[in-house]
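Participant: The following block contains the structure, expressed as structure tokens.
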């Protein structure tokens, strides 16, 4: 169910049932960026918990769109992301102070990725997404070792679309691999700490100790395997 909107609200918690103020309480693996062009470490934030607010686990909890936007990718069965949705948001939808803080360039848009969703996305590429609209449910698809929401935020060329994106599996086509590298390591889509969007203007809160919640290990090889 879509969360209740507040007057003047620009962004929304990615998890139904969690406010923007309580999100930091369910960070299982924080943002730990790699050097430019590298794949290892952690490009986003993982949210997970057991036994919270009457729920046994986070699995099946509704995932909400952080911003109003357009579906740039809606893919099922990918690796490492599993079932994944990417929503593009125009920068003019955000307060100018936020855009300046994020270091956006002319011609760019903001992209939010929601990975390891429980089921194949019902959304279609190019569809409009409303603020706080449900885009899926938390799952453990792709390389997820346990149920969690992997969230990435990036700045990149406006109007980009990803009809496919896979890597590290023999079924991945050259086009899917190219799209994955474009998103992950090319530098064209620049990742930043999602908390800079979810808590704009606030100092980043202290991070909890990260835990292993993926089924593959990080590597320092030129094309390492990834934990997202």
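We did not get these values from a lab; they are worked out from the coordinates using the rules stated. Please read all numbers here as calculations on a predicted model, not as lab measurements. Using ideal geometry, Cβ is built from the backbone for each residue, glycine included, and neighbour counts are taken over all protein chains shown.
Participant: How high is the relative contact order of the stretch 23-198, in percent, with contacts defined as C-alpha pairs under 8 Å that are six or more residues apart? Intermediate results must be reported in sequence, preceding the final value.
Facilitator: On the way: 413 pairs, mean separation 46.7, N = 176.
Result for the stretch 23-198 is 27 percent.
Participant: Is the C-alpha gyration tensor of the stretch 23-198 telling us rounded, prolate or oblate? Criteria: a/c under 1.5 is rounded; beyond that, a/b larger than b/c is prolate, otherwise oblate. All intermediate terms of the calculation are to be shown ahead of the outcome.
Facilitator: Details: a/c = 1.36, a/b = 1.13, b/c = 1.21.
In terms of gyration-tensor shape, rounded.
Participant: Hey, how many Å between the Cα centroid of the stretch 182-201 and the Cα centroid of the stretch 89-117?
Facilitator: Using only Cα atoms to place each centre, the spacing works out to 9 Å.
Participant: May I have the convex hull volume per residue, in Å³, for the Cα set of the stretch 20-102?
Facilitator: On the way: hull volume 12.7 nm³, N = 83.
It is 153 Å³ per residue.
Participant: In addition: Tell me the Kirkwood radius of the stretch 57-133: reciprocal of the mean inverse pair distance over distinct alpha-carbon atoms, in Å.
Facilitator: Result for the stretch 57-133 stands at 13.4 Å.
Participant: Among 29-39, 61-71, what's the highest-first ranking by average C-beta atoms within 10 angstrom per residue? Don't skip to the end; give the middle numbers.
Facilitator: Details: 29-39: 15.9, 61-71: 22.0.
Those peptides, ordered most packed to least, come out 61-71, 29-39.
Participant: Once every Cα of the stretch 90-167 carries one equal point scatterer and solvent is ignored, give the base-10 log of I(q)/I(0) from the Debye formula at q = 0.11, 0.12, 0.21 Å⁻¹, two decimals.
Facilitator: One equal scatterer on each Cα of the stretch 90-167 leads to -0.36, -0.43, -1.13.
Participant: Please give the residues of the stretch 29-58, grouped as numeric ranges, whose backbone N is less than 16 Å from a label point set 7 Å along the Cα-to-Cβ vector of residue 186.
Facilitator: Backbone N within reach: 37-39.
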